[in-house]
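In what follows, a single structure is set out as structure tokens and then discussed.
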Amino acid sequence: MQTIADTLKRNSLRFENKEAIVYATQRLTFRELNQRVNRLTHALQALGAAPDGRIAVLSKNSHQYLEIYFAAAKLGLCVVPLNFLFSNDEIGHIIAESEVTCCFIGQDEEDRADAIRSITPTVPNWITLQNRRNGFLFYEDLLDQAPADEPISKVNKNQMAMLVFTSGTTGQPKGVMLSHQNVMHSALSMSALMKIRPTDVGCCVLPFYNTEVVNAICMLMAGGKVVINRNVDAEEILALIQNERCTHINLVPVLFNWLHRHAAFERYNISSLKLMTYSGRSSKPATFWNASRNIGNRWYNGMGARKRRAVASPRWIRKIISWRGRAPIGWPVPAGR
């Protein structure tokens, strides 16, 4: 297998009618997900997309976001996820630097899309994900008009799969390149280390414009289900964990702290959670231990996801706390590059 798309094709046969993605009222089986991804791949080809091309996404989390990643992998394209917290000028700079030929726009970003479009006139294709808008192509229309059969395309594992831009604290945002092999190895190593199984359910809360998308891909590669949270709302997250029986969640330390201190925490049954990962920064011991006591005791820690995916196991987290007085940012996992 060369790309994440190969694993989706396999799982569409292996877990044909098993739920793969839950987002709001949308529920997709692996077969349905693969068919939608195939339709998107054909639609992109019809718009002139070719291997090594760049497509950008400016949106909050959705099932379409994951479909775009898988379609790009089937076609050998590179996804440029755009941070919706960036200014229009910063986004325009990223689009221009990346030489993007197609940009997908989520519903919360539609009002600024025209302004961004005006400063990036070289982008020929603009596609809205949830709503029709004058002057834009509409995502679901493109899928309705495209076939669902497997596309024919040769993809090299060393082709660029993701171009992730940092916040640019010392200047303009700077891009980090990840190949299809990088993404595959990251997802495979995480899946193996955390022993993810087809019965597992991942709750995705952190934005997909960062590498949270790799956690979702990791779950789908193992045949698990991905439950997507669109807005960071504590009670909504707790309800998703309870209703979908989520077994895994990845957050930053401050969100874990916020979650277990929320007034509604005691009203929800989150006993299904068996594995928690945190990333973004180190955690204060009090935050780590309090969250462990109230949420659960099986933790993993991710670090350096833009450049080198790495994870620390629970045993190492506890050792490093005893050595340094802080929960860690993590140590590398074998084959994590």
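State the extension gain, in nm to one decimal, for the chain segment bounded by Asn17 and Ala192, taking 0.36 nm per residue of separation less the distance between their alpha-carbons.
60.6 nm
How high is the relative contact order of segment 6-106? Use alpha-carbon pairs under 8 Å, at least six apart in sequence, and give a whole percent.
27
What net charge do the residues around Ile94 carry, taking every other residue with its C-beta under 12 Å from that of Ile94, with Lys and Arg at +1 and Asp and Glu at -1?
-2
Just subtract the alpha-carbon distance of Asn158 and Glu97 from 0.36 nm times their residue separation and send over the number in nm, one decimal. Intermediate values should be presented prior to the final figure.
On the way: separation 61, 0.36 × 61 = 21.96 nm, distance 2.07 nm.
Contour length minus Cα-Cα distance gives 19.9 nm.
Ranked from highest to lowest mean number of other Cβ atoms within 10 Å per residue, what is the order of the peptides 23-32, 197-206, 54-63? Let's see the in-between values first.
Numbers: 23-32: 15.6, 197-206: 20.2, 54-63: 23.7.
The packing order, highest mean first, is 54-63, 197-206, 23-32.
Over segment 30-179, what is the percentage of antiparallel beta bridges among all DSSP beta bridges, to the nearest 5?
25
Can you work out D for segment 30-179 in µm² s⁻¹ from Stokes-Einstein, where Rh is the Kirkwood radius over C-alpha pairs, the temperature is 4 °C and the viscosity is 1.567 mPa s?
Answer from the Stokes-Einstein relation: 84 µm²/s.
Label-point separation (nm) for Ala239 and Asp52, each offset 7 Å from Cα along Cα-to-Cβ?
Placing both labels 7 Å beyond Cα along the Cβ direction yields 4.9 nm.
A short reminder: the numbers here are calculations on the coordinates, not readings from a lab. The model shown is predicted, which means the values in this text are computed figures rather than measured ones. When we count neighbours, we look across all protein chains shown, and the Cβ atoms used for this are built from the backbone with ideal geometry, even at glycine.
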